[in-house]
Every structure is written in structure tokens, then in C-alpha cells.
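Structure first, then comments.
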Amino acid sequence: MNVLMSTTRLAFIAIIVTSSISIAAQTAASAPKPNSIAISLKMKEQQVPVGQSPWAILSVKNLTDESMEIHNYTYRVYVEGDKGEPPTTLVQRQMTGRFKPGDVPLRMDENALWSIAPGRSDEHSFQLTYLYDLSEPGEYSVYAEVMDPYSHKLLRTNTVQFKVQAPKVQAPK
């Protein structure tokens, strides 16, 4: 009986040790990676006349000690207006995978990317009319989501406001 009890104790201890190692490994493997970038968004101008394109400026700071590349397919831009999301262009529909019937996909062999040195920031400017039909006057908000190159998490920028203004009508003299 003594041998049986010793064997049972040994087996029990082995199970506890193995379980502890397994739990520790799972915890270490599932620990979230820190973000490798810090992102923000701003507008070149807060007010733009109808017919002109608002420019958004995406700022990305490399928080690592290695160079990194940001590709044009690793970020998305979203615009909302008074009436919800404005009509999207084919470029935006392709970037988001939200095609309309009859859309013909664009060539995808043009891959814009920019490199950011360790600890440095870089900015990428883009026209919002390349992505959305902003021909209607109104107040809009915009934000971007960027895929963190290391953690592969989608990070969201701040939301910024801008206004598309109707032309001013001259009073008759």
C-alpha cells in the first residue's frame, strides 16, 4: 500500500507540475504584444469649398528600435457625414472589400509604402475625394485604422472634423 500511495503522490505531483508549465506557457504566449507604432490624424484645412478635396494627414511614430515599413494596404480611412457614410469611390470599395455589383477591381500592383526609422515619426497625406464623394456641403468626421506591423492589431486614430462649404452666393447690388 505504501508503494501504491507513493506512486499516486508522484503521479499527482507530475500532473500539477505539467499543468503549471502548460498554463504558464499559454499565459506567456497569449500576453499581448505592445504597440510598435503611435498614430494620429489631422486635417490640412478644417474648411474646404465644394469641388476641392480635403487632405488628411496620417502621422505614424515608430516606437521600436528597428526600421519599419507601412504599406498602403495596412491602413483604412473612414468618413462620416450628416447623413452617414458618403458614397465611396471604387478605390475605397476595393480597399475595404465592399464592392458594388458591376465594379471591376483595380490593378493592385502599385504598392505604396514608406519606411520609418527607429524612434522617428513620418506623415502620409492623402486626398479624401480619392476615397469618398464629398461633393455635398456639410460637416464630416474622419478617422483611420492602421495595422500595427508587429502586434498585427488594428489601431484607431483620433477622429477629426472638417467642413465642405457650399459656394457663397453674392447678393445682387
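Just so it is clear, none of the values below were taken in a lab; they were calculated from the coordinates. Note that the structure is predicted; figures quoted are calculated from it, not measured. Cβ atoms come from the backbone with ideal geometry, glycine included; neighbour counts cover every protein chain shown.
Straight-line reach from LYS168: taking Cα to Cα under 28 Å and skipping same-chain neighbours fewer than 8 places apart, the lysines in range are LYS42, LYS44, LYS83.
Counting only Cβ charges, +1 for Lys and Arg and -1 for Asp and Glu, the dipole size of the range 52-106 around its Cα centre is about 280 debye. Sparse packing (at most 13 other Cβ atoms within 10 Å of the Cβ) combined with a DSSP loop state is found for the following GluC sites (Glu not before Pro) in the range 92-173: GLU110. For the range 56-108, GluC sites (Glu not before Pro) are listed when DSSP marks them as loop and at most 15 other Cβ atoms sit within 10 Å of their Cβ; the list is GLU66. Exposure proxy for ILE57, ILE116: other Cβ atoms within 10 Å of each Cβ, ordered fewest to most, give ILE57, ILE116. Note on the range 41-80: with charges restricted to the Cβ of Lys and Arg (+1) and Asp and Glu (-1), its dipole about the Cα centre is near 180 debye.
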